[in-house]
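First up is the structure itself, then whatever we jot down about it.
The values are calculated or read from the model by the stated rules, or taken from the named source; none is laboratory data. Here the structure is a predicted model, which is why all the values come from computation and not from measurement. Cβ atoms come from the backbone with ideal geometry, glycine included; neighbour counts cover every protein chain shown.
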Amino acid sequence: MSCDERTRESAIDAAISKYSAVKKGYMPDDFIELFINSSTPHPKKMPLINRGTYARQHCIQTLLNQVHTLTSTTNTQIILLGAGIDSLALNIKQSSPLSTIYEIDFPDTIDHKLRYLRNGLDKLQAIWPNDTLTSTSYGSIHFIPADLRDAPRFLAALQSSGCSPSVPTVIISECVLVYLPKTATLSLCTALGEYFTEALWVSYDMFSPADRFGVIMQQNIASQGYSVPGFHDFPTLLTQEERFISSGWSIAKALSMMTAFYAMVTREEQRRVSRLEMMDEVEEWHMLMSHYCLTVALKGTLFASVVDTFGSSVEADKV
Ligand code: SAH
């Protein structure tokens, strides 16, 4: 299997992880089971993976809620880079009817997703009776097959599918930039930064490859046949931020998931989650959370408050 094929497979694993966390009660998600092949076994994930998946979803959803508050009466564009077979687009479609969503991935992955959507049409039609699924869209969701390593061609495809430079836009990349070579990442960040006037980029990535746990992660990744140049090219929170600043974004802030989790999840919610299943590997969970980070980057001023308050404690906010 080539590296690109392996990269595409990672989308299946991400969907299984989300499904596992949803089934355990970490978070609700009405759509993820559409993307799980019922004829293949879908193993339950370890508690630390379930909790990590929850942390990622919760923190990104919190940022999206803030965006929604700022744009509740205006059109917004949400661009999901390397969207895989995730359910996020459908969840956004349900919660923010004014959003237009663009899902970008390799052509094979988009085809794969369309097959799942076709199989789930009964359920979808009960929610959105007027939407038709075509090979390029489903209501407000547009599917763009593209290779993100070719930024000019990707941008041309985005533009021709109607994505406007003057509409406030949120770009989300979850476990995606890590697969791109450094020059491709910087071209992509530059191209999107130059295109939009008002934009927020939310990126979830692995980082810190050089310490003991990072080296173990590298060995696991290599043994599974993945190539993740971004893990080495952007190894610290500072380099994660510089990735955006050096490509024309005005502010960028990166937090480890360890910091983000304790800042963005209320104590009450932390207690609820910790009761869901026994987790013996607390230290390993902390290590894992210290090797993933969330970065927000700003273009324009509309989303400045989201970046300003990123990482402020939710408990402190209530006082
Ligand atoms: N964001 C999704 C999927 C993560 S897996 C989630 O969190 O569930 C990484 C995804 O990035 C895969 O779907 C893979 O196909 C996509 N990807 C990686 N490199 C890409 C590239 N060069 N062009 C387009 N998509 C890419």
Among residues of segment 56-96 being polar (S, T, N, Q), in contact (Cβ under 8 Å) with a residue 40 or more places away in the chain and not in a loop (DSSP other than H, G, I, E, B), the residue nearest to residue 143 (Cα to Cα) is 77
Does residue 186 satisfy the condition of being in a helix (DSSP H, G or I), within 16 Å of the ligand (Cβ to nearest atom), more than 30 Å from residue 232 (Cβ to Cβ) and at pLDDT 95 or above?
no
Residue 104 fails exactly one of (1) within 16 Å of the ligand (Cβ to nearest atom); (2) within 20 Å of the chain's Cα centre (by Cα); (3) part of a helix (DSSP H, G or I), namely (3)
Exercise for the section: Could you tell me whether any residue of segment 145-156 is more than 8 Å from the ligand (Cβ to nearest atom), of a type in the set (Gly, Ala, Ser) and either surrounded by fewer than 22 Cβ atoms within 10 Å (Cβ to Cβ) or more than 21 Å from residue 12 (Cα to Cα) (or both)? Expected result: yes
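Condition check ((1) under 14 Å from residue 87 (Cβ atoms); (2) within 12 Å of the ligand (Cβ to nearest atom); (3) outside any helix (DSSP H, G or I)) across all residues:
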site	(1), (2), (3)
19	yes, yes, no
22	yes, no, no
38	no, no, yes
43	no, no, yes
51	no, no, no
* To do: Return a yes/no flag: does segment 172-181 have any residue that is of a type outside the set (Val, Ile, Thr), within 16 Å of the ligand (Cβ to nearest atom) and in a helix (DSSP H, G or I).
  => yes
Query raised in the report: Is it fair to say residue 200 is in contact (Cβ under 8 Å) with a residue 24 or more places away in the chain, hydrophobic (A, V, I, L, M, F, W, C) and out of contact with any Cys (no Cβ under 7 Å at 6 or more places or on another chain)?
Result: yes
Picking from 96, 10, the residue that is crowded, with 17+ Cβ neighbours inside 10 Å, small (Gly, Ala, Ser), within 19 Å of the chain's Cα centre (by Cα) and within 13 Å of the ligand (Cβ to nearest atom) would be 10
